[in-house]
Every structure is written in C-alpha cells, then in structure tokens.
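The values are calculated or read from the model by the stated rules, or taken from the named source; none is laboratory data. Owing to the predicted nature of the structure, the values given are computational and were not obtained by experimental measurement. Glycine gets a Cβ as well: all are built from the backbone with ideal geometry, and neighbour counts include every protein chain shown.
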C-alpha cells in the first residue's frame, strides 16, 4: 500500500472516530415503565472495519504465527470473530478484592463490522447481576485481546467473577496482550507506549484535551453515583470506547509490521527490526528473522549493532555465510564494541565459526 492510500485510510479512520465519539449509544437497555431500574446499563454501536483504516484485523482468517507476534498466550483462535478486545474501568488502580469493575468495554468482529459494547454498573449493590452479564458476554469468545490486561484487567475481572459467581474466566486461557508487541516495535522510537502515545505517534490520531485522565476516572464514577448526572460519566464512556477501538487498530498495525517484515520490508527503525527478528527466530521463521537481523545491524547504532551481531552471526552461519559472520565479529571486536560480557560471547562465537571454517576447508581439500 502506497503513502497516498495510507493517508486516505488515516483520514477515513479520523472521520469514523469522530462520528463514534459524537454519537450517543445507539442501543440502550432501559427498564420498562414502573419497573425497578437496572443495576447496569449496556449499550452498543457498530463501526465499519475499513472506515477504521484496518488492513488485516477482521479481514480473512488470522495467521497463528502473526497472532504470536501480537502477544498470544494459549491456543490460537481460528477466526477474528473468536477474539474479544476488552478494556475495563475500575474503582481503583491498585487491584485487590476491594476494587470493582464498573465499566467493561468490549469489541469484536461481526458481519464485516466492529461491534462496540459497553456495560456500565450504576449501582454497586447490583454487582452480582453485572458480573454475571459480563461473564456471559466474555464466555462466548475463545480469546481476548487487551493492553496490559494480563497484569491489570484480567486479574481484576477474574477476582470479581470468583467473588460474585465462584466461577472462572475462561477467555483468559488464550490471551493477546498488545502491550508487549507495542513495546517491541515502538518504545525505543517514541519512549512511551501508552495507548494515548501510540494514538498520536502510530495512528496519527491524538486525543483532545477533553479526554479524562485515567487517574481521575474512579473519582468521576463515585461522583456520578452520588448525583446521577450523566454529564459526569459521559467522558469516561468516551475514554473507554476510544481505548477499545485503539486496541483493534494497534493490533492491526502490529500485524501489518509483521506481514511487511515477512515480505522483505523490515522496519527501518533498528531496535524494532531487532525485536521482530527475535520473535521470528523463536517461531522458527528463519528467513524473516535473517532479514530483520540484517536490517537491525545495518541501520543500527553501535549499541544496537552489538546486540544484533551474535544472533545475526548465527543466522549467517545457518545460511552458510560463515565468512561474513567471521568478518563482522572480527570488525566489531577490533573496534571494541559492546560491554565486556558481549566481547566474551563474541570471542567464543568467533572461535566456533573459525572451527566451522577450518572443517569446511579440510573437507574441500580432501575431496
């Protein structure tokens, strides 16, 4: 995809996001006249996938190896429709049994659209019904995707399910935590890898100044419970919906980077290329790993070159290019690159490569 197409997708995504933020929820479950108020309020809206600028997520079936790059732990789902993207808002940031989930935002692929649903708890006394509802929703999916959910969202959800139902949160068995691939690709480039930072730097869609800070969300929620003024909670709902939509778009950008690297277009940012190379290596994708190691070594500064050199030498050896691996390590050692621990490993690898070269020379001479 050329630059013009990418810019067009960004512009379309901006239009969709603005429309989503400006609209009130399109489907809202309200109690019948005269009935007791519901302890929680579910709402739902649908967004066009292409309007969000997506190129891979939701289009075709997910590749298991690409899902591994997205941070998958557990058995890979076979369809995008089997994955629920989620984000929680809670009454505190420290976790523990005294912390409630009061808002669950979820998104999933259905009929070529992204379904965005939010469950808002409007009465803490009704938490059991709330937890049962969100448990039933999550139980429909085989995997979940989150942003740092392994450390925060999922443990809190699991605690609430255990306390309210004495049940289990099965969706956690197959989990894509997008924080880790985002850090691999963008931390060295942008410093911060919060969703807000990635929206500005990667998605080219910075949030406005009216976005509510996460640290202030618990206070807003309790204020809303006391007053019932929906103007207090609406910024929290917008914040949560933006987080969930950004999860989907960041997953798509990570997947795009992986597919590009497989096709020979390694990231031009050396630390990102090195991080991708290591994951490709672990997954047994040696050709893609080699190209990313080479890109990291060629484009990187002295520190990145030193980190890339040993696995790159191994990749060169696997490809039969022992002479290039030897020349690379000899040059770096002559320049006294890397810390003492690296030099020790490099000298050991160089001795091994020289033994390989000598054995090959002996075999060639004997034949």
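Here is how the numbers come out for the structure above:
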{"quantity": "Elements of type helices (runs of 4 or more DSSP H) contained in the stretch 124-241, each with 3 or more residues being touching a residue at least 40 places away in the same chain (Cβ under 8 Å) and more than 28 Å from residue 259 (Cβ to Cβ)", "calculated": "127-138, 153-165, 217-227"}
{"quantity": "Some residue of the stretch 50-60 being outside the structural domain of residue 283 (by TED's automatic domain parsing), modelled with pLDDT of 75 or more and loosely packed, with under 11 Cβ neighbours inside 10 Å", "calculated": "yes"}
{"quantity": "Residue within the stretch 68-75 that is in a helix (DSSP H, G or I), closer than 29 Å to residue 129 by Cβ and modelled with pLDDT of 80 or more present", "calculated": "no"}
{"quantity": "Residue match in the stretch 267-280 (condition: over 24 Å from residue 178 (Cβ atoms) and surrounded by fewer than 22 Cβ atoms within 10 Å (Cβ to Cβ))", "calculated": "no"}
{"quantity": "Qualifying position, being under 27 Å from the mean Cα position of the chain (by Cα) and in a helix (DSSP H, G or I), among 277, 327, 306, 315", "calculated": "277"}
{"quantity": "Condition check for residue 329: farther than 22 Å from residue 268 by Cβ and at pLDDT 95 or above", "calculated": "yes"}
{"quantity": "Test for residue 207: is it touching a helix residue (DSSP H, G or I) at 6+ places or on another chain (Cβ under 7 Å) and at pLDDT below 90", "calculated": "yes"}
